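The values are calculated or read from the model by the stated rules, or taken from the named source; none is laboratory data. Only a predicted model underlies this, so the values are computations on that prediction, with no experimental measurement involved. Quick reminder, even Gly has a Cβ in these numbers, built from the backbone with ideal geometry, and neighbours come from all protein chains shown.
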Amino acid sequence: MRAHNFRRLLEEASKWERIVAEYLADIIISESVKLASREEQKDGIDALVEKKSLAFDIKFRDSRYYLKGIAIELESVVERKVPGWFYTTKADAIVYLWWNEDKTGLMPIGYYLILSDGFRKWFEENKSKYEEKQASTIFKRPDGKTEIYHTKFVVVPIEDIPSRYLKMFYTPEIEPESKKKVTEFC
């Protein structure tokens, strides 16, 4: 088990979340498709795609885990039996990104996992196939005391997740002058 510094993780991740969110807005469309009415067809429209807002949570992992699987959190704080994000999130999708090896940016491929009822059912039916793991996190409380807690998760190989739920995308390229070495915390 490797310990993570929670505050540093949040600080570094928040810098990238804005960049990634703006980028994803251009490539992800949550849609419903319907055939056009006769009136619309007269205007040269055959089908309509209706956009809606899409809420997503962005997860960052170290490069050593690149493309090895999607971590799905079962318990957020094992010691207190706090359910993990899989059971509590209100997000429509989880975005997975990996830091590059020198921690200055992102690896070229990311994924977003659509948290539909179909995916949730598939995962519940298949989660026993995957080994449960734990990670330690170091958390500095407001009173200055340090606390260590554990998170329980499984890593599902990318190839195991049905393609209707997991979508690959190329990550945004960041201009060299805006790159800054990410603090070692992964």
Next item on the list: Select from region 84-132 the residues that are among the basic types (Lys, Arg) and under 30 Å from PRO172 (Cα atoms) and write down the one among them that is farthest from the chain's Cα centre (by Cα).
Entry: LYS103
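Consider region 114-166. How many of its residues are in a loop (DSSP other than H, G, I, E, B) and among the acidic types (Asp, Glu)?
Matching residues across region 114-166 total 2.
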Notebook entry, point to check: Restricting the search to region 78-88, which residues are closer than 23 Å to GLU125 by Cα and out of contact with any Leu (no Cβ under 7 Å at 6 or more places or on another chain)?
Noted result: VAL78, LYS81, VAL82, PRO83, TRP85, TYR87, THR88
Check: Does any residue of region 90-99 turn out to be out of contact with any strand residue (DSSP E or B) (no Cβ under 7 Å at 6 or more places or on another chain) and either crowded, with 19+ Cβ neighbours inside 10 Å or more than 18 Å from LEU166 (Cβ to Cβ) (or both)?
Finding: yes
Notebook entry, point to check: Which condition number in (1) in contact with a helix residue (DSSP H, G or I) (Cβ under 9 Å, 6 or more places away or on another chain); (2) at pLDDT below 95; (3) not basic (Lys, Arg) is the one that PHE153 fails?
Noted result: (2)
Note to self: Tell me which strands (runs of 3 or more DSSP E) are completely within region 23-110 and hold 3 or more residues being modelled with pLDDT of 80 or more and β-branched (Val, Ile, Thr), or say none if there are none.
What the structure shows: 70-77
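Table: residues versus (1) in contact with a helix residue (DSSP H, G or I) (Cβ under 6 Å, 6 or more places away or on another chain); (2) at pLDDT below 90.
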residue	(1), (2)
GLU159	no, no
TYR170	no, yes
VAL182	yes, yes
CYS186	no, yes
Check: Can you tell me which residues in region 140-156 are surrounded by fewer than 16 Cβ atoms within 10 Å (Cβ to Cβ) and within 29 Å of THR171 (Cα to Cα)?
Finding: none
Next item on the list: Take region 102-138 and flag every residue that is surrounded by 14 or more Cβ atoms within 10 Å (Cβ to Cβ), out of contact with any strand residue (DSSP E or B) (no Cβ under 9 Å at 6 or more places or on another chain) and free of Cβ contacts under 8 Å to residues at least 60 places away in the same chain.
Entry: TRP122
Margin query: Please go through region 42-89 and give me each residue that is touching a residue at least 12 places away in the same chain (Cβ under 8 Å), surrounded by 12 or more Cβ atoms within 10 Å (Cβ to Cβ) and of a type in the set (A, V, I, L, M), ordered by number.
Written below: LEU48, LEU54, ILE58, LEU67, ILE70, ALA71, ILE72, LEU74, VAL77, VAL78
